[in-house]
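Notes follow once the structure below has been shown.
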Amino acid sequence: MVKILLIGMSVLMLLFADVKCQKSEQRITCTYYIDRSDNTNGLRVEFHWISPSGKDDRIKIFRVPPFYGSVYDYRFLPGREPGKWKVVVKELDTNKSAATTFDINCSDDSFFEE
């Protein structure tokens, strides 16, 4: 019974880590959400911005203070390569990751995929 409970809790913790992106004015902001109880010692988080052709990629590392529940990064839209982008966020200390995609070609409310 204890093993089942521990496995269930582990699955829930893996499901909690999530990255969401939104368009605001002239930039795209992606936020990585963390379970605060998993962040008792602070985390190192790496954002990978992957462009359609790979020519406009970027990797940026952040330090998340203990008990913080999110961290974000953004890119300005002007000059960005059109097409389908992918953002992957990795916790360097735990190897957890989350990813999302979005399309820069759209300009209406359906800018981001779910």
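The values are calculated or read from the model by the stated rules, or taken from the named source; none is laboratory data. Owing to the predicted nature of the structure, the values given are computational and were not obtained by experimental measurement. Positions of Cβ are generated from backbone atoms using ideal geometry, with glycine treated the same way; all protein chains shown enter the neighbour counts. The protein model used for the area step is the full one, side chains on, heavy atoms only, and it has no ligands, DNA or RNA in it. Shrake-Rupley method; radii C 1.70, N 1.55, O 1.52, S 1.80 Å.
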Can you give the accessible area per residue of the range 20-109, in Å², using a 1.4 Å probe?
59 Å²
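May I ask for the percentage of alpha-carbon pairs in the range 31-113 that lie more than 20 Å from each other?
Values: 1277 of 3403 pairs.
Roughly 38 percent, once rounded to a whole number.
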Once you place label points 7 Å from the Cα toward the Cβ at residue 95 and residue 40, how far apart are they in nm?
2.2 nm
With a point put 7 Å past each Cα toward its Cβ, work out how far residue 24 is from residue 77 in nm, to one decimal.
1.4 nm
